[in-house]
Amino acid sequence: MDDKEKAILNHIDLVMTDPDALDSDYYDGLRQYLSDDEITQLGIFLCFNAGYHTFFGTLKFYPMYSPDGRIVDQEESERLYGAAPSSLQYKAAE
């Protein structure tokens with residue numbers, strides 16, 4: 001992985017786990033790798049995905065694919081992934 005890819009993955013992690021760390025100094029550093037437009041696009045993508053995963057979790061809507069790529073129904077998906085979709089697992093740890 002190059003430094004830009006590492007910066008993107010770090011940004012994703014911080015947005016999801018420690019958004020208070022995203023201050024002006026942080027964004028100044030991120031701009032070494034991404035333009036303001038790219039930072040905005042990534043933020044919109046993350047917010048959309050986190051939002052719909054959280055919403056689907058409230059409906060107990062599980063992933064429609066198994067780890068090996070097969071399409072599965074909701075019952076099989078729940079057996080594969082557990083009682084809560086993985087996108088909500090971080091909340092269970094709090």
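No value in this document is a laboratory result; all are computed from the given coordinates. Since the structure is predicted, the reported quantities are computational estimates derived from the model, not experimental observations. Neighbour counts are summed over all protein chains in view; Cβ atoms, including those assigned to glycine, are modelled from backbone coordinates with ideal geometry.
When a footprinting reagent is the concern and you count Cβ atoms within 10 Å, what order do PHE61, PHE55 take, fewest first? Could the numbers behind the result be given before it?
Details: PHE61 14, PHE55 10.
Sorted ascending by nearby Cβ count, the order is PHE55, PHE61.
Above 18 angstrom, tally the Cα pairs of the chain and express them as a % of all pairs, no decimals. Working shown, then result.
On the way: 2436 of 4371 pairs.
Distances greater than 18 Å cover 56 percent of the Cα pairs.
Shape call for region 1-50 from the C-alpha gyration tensor, a ≥ b ≥ c root eigenvalues: rounded (a/c under 1.5), prolate (a/b greater than b/c) or oblate?
Working: a/c = 1.31, a/b = 1.20, b/c = 1.09.
Rounded is the answer for region 1-50, as its axis ratio a/c remains below 1.5.
Which value in nm describes the separation of the simple spin-label points at ASP37 and ARG79, placed 7 Å from the Cα toward the beta carbon?
4.9
Taking the dipole about the Cα centre of the chain, with the C-beta of Lys and Arg at +1 and of Asp and Glu at -1, give me whichever of HIS53, PRO19, LEU34 is farthest to the positive side.
Among HIS53, PRO19, LEU34, the one farthest towards the positive end of the dipole of the chain is HIS53.
Specify the angular offset, from 0 to 90 degrees and rounded to the nearest 10, of the alpha carbon long axis of helix 3-17 from the longest principal axis of the alpha carbons in the chain.
That works out to roughly 60 degrees.
Report the calculated FRET efficiency for MET1 and TYR52 (r = Cβ-Cβ distance, R0 = 25 Å), to the nearest 0.05. Write down the numbers at each step before the final one.
Values: r = 27 Å, r/R0 = 1.08.
FRET efficiency, MET1 to TYR52: 0.40.
Rounded to the nearest 500 deg cm²/dmol, what is the calculated helix-only ellipticity per residue at 222 nm for the chain, with -39500 (n - 2.57) per DSSP H run of length n ≥ 4? Show your work: numbers first, answer last.
Details: 5 runs with 58 residues, N = 94.
Rounded to the nearest 500, the figure is -19000 deg cm²/dmol.
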